[in-house]
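Remarks on the structure that follows.
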Amino acid sequence: MKKILYSFLLFSSACLFGQKNPATKFAVANDVIGTVDMFKGKEAAIQSMHVYKTAATLPQNLKKYDYLAENGIAEFKLKKGYDNLDRISLAQLNQQNNVAKDTPVYIEGYEFTNTETNVFGDILANVQVKDYNGKKTLFITTTQK
């Protein structure tokens, strides 16, 4: 009975931590990950925007982000002079939070296994270190709760 209960608890915690937020629309600008919402109000910095509805329609330069394209993904081109928005690699973020730098990071339930991926600082609304499968792991939400 204890094994069944333990198995259920392990399964339910994995499901809880691994839930993807379908409301999050990811965006890429200059090979840095953000969200569509973070670009609202920054129209002066945007040169162009293109939305890809599925992973199959992604251009070659965005194929590495196909796991984020379940609900579509937007590509922004920024005007000159606006390409210095605050950014950080997930490896650096892990290190700042005393997590091994090569540990995957979860953003809105999406697993980022490549910790060399850069993200905009504007999407780091809530950063928490949680125990996931016996390992300290970063979980990030992009909106304040």
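What follows is calculated from the coordinates using simple rules that are stated; it is not laboratory data. All of these numbers come straight from a predicted model, not from anything done at the bench. Neighbour counts are summed over all protein chains in view; Cβ atoms, including those assigned to glycine, are modelled from backbone coordinates with ideal geometry.
Here are a few things to note about the model shown:
- Helix axis angle, 2-17 relative to the chain longest principal axis, alpha carbon, degrees: 10 degrees
- Applying a DSSP loop filter and a limit of 15 other Cβ atoms within 10 Å to the GluC sites (Glu not before Pro) in the range 67-145 leaves GLU116.
- Trypsin sites (Lys or Arg not before Pro) restricted to the range 30-108 and DSSP loop, no more than 12 other C-beta within 10 Å: LYS40, LYS53, LYS79, LYS80
- Over the chain, dividing the summed -39,500 (n - 2.57) contributions of all DSSP H runs of at least 4 residues by the number of residues returns a 222 nm mean residue ellipticity of -5000 deg cm²/dmol.
- Gyration tensor analysis over the Cα atoms of the range 29-99 returns equivalent ellipsoid semi-axes of 21, 19, 10 Å (largest first, whole Å).
- Calculated over the chain: convex hull of Cα atoms, volume per residue (Å³): 123 Å³
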